[in-house]
1. Could you please tell me which pairs satisfy a Cβ distance under 8 Å, a separation of 6+ or placement on different chains, a first residue in the range 28-52 that is over 19 Å from Glu5 (Cβ atoms), and a second residue that is among the charged types (D, E, K, R)?
2. Does any residue in the range 71-93 that is closer than 15 Å to Leu45 by Cβ come within less than 7 Å, Cβ to Cβ, of a residue that is among the β-branched types (Val, Ile, Thr) six or more places away or on a different chain, and which pairs are these?
3. Starting from residues that are under 19 Å from Ala77 (Cβ atoms) and of a type in the set (Gly, Ala, Ser), keep the ones in the range 32-51 and report whichever is most open to solvent (accessible area, probe 1.4 Å).
4. Which of (1) touching a His at 6+ places or on another chain (Cβ under 7 Å); (2) modelled with pLDDT of 75 or more is the odd one out, the single condition Met58 does not satisfy?
5. Just name the residue that is most open to solvent (accessible area, probe 1.4 Å) out of those in the range 15-31 that are under 13 Å from the mean Cα position of the chain (by Cα) and among the hydrophobic types (A, V, I, L, M, F, W, C).
6. Of the residues in the range 10-27, how many are in a helix (DSSP H, G or I), of a type in the set (A, V, I, L, M) and within 15 Å of Gly81 (Cα to Cα)?
Amino acid sequence: MSTQEKDQMCNNLVQRLLMGEPLNDADKSHLAICEDCMVQVVGRLDESATSQSHGLGMTAGGTNGELTHARPEAKKALEQGRRVFEREFGISLPKE
């Protein structure tokens, strides 16, 4: 597979993951071993996190950046993320 084909495959996989589309077993296997895909995923998540301001109804408090007044849509997104990880990777994340 050429570098360009691999890059396109990684871009498509990351886009599908971020859009919440189900991944097949081959996609999951690729994601588990592909450093390029994980760099893209982490980069997109970092961008998303830094673009959100604490002034949008959220205040950091407690320890480790815990949100004391999270917006309802943020809580809904967090729950969606938990379901995606459980469905796609069999990882059950604790509810707080």
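The values are calculated or read from the model by the stated rules, or taken from the named source; none is laboratory data. The shown structure was predicted, so the numbers you read here are calculated from the model rather than taken from an experiment. All Cβ positions, glycine included, derive from the backbone under ideal geometry; neighbour counts span all protein chains shown. Just the protein is used for accessible areas: all its heavy atoms, side chains included, with ligands, DNA and RNA removed. Shrake-Rupley method; radii C 1.70, N 1.55, O 1.52, S 1.80 Å.
1. Pairs found: Lys28/Glu88.
2. Going by the 7 Å Cβ cut-off, the qualifying pairs are Phe85/Ile91.
3. Within the range 32-51, the subset under 19 Å from Ala77 (Cβ atoms) is 41-51.
From the residues that got through so far, the ones that are of a type in the set (Gly, Ala, Ser) too are 43, 48-49, 51.
Numbers: Gly43: 27, Ser48: 59, Ala49: 68, Ser51: 84 Å².
Residue satisfying both the conditions and the ranking: Ser51.
4. (2)
5. This residue is Met19.
6. 4
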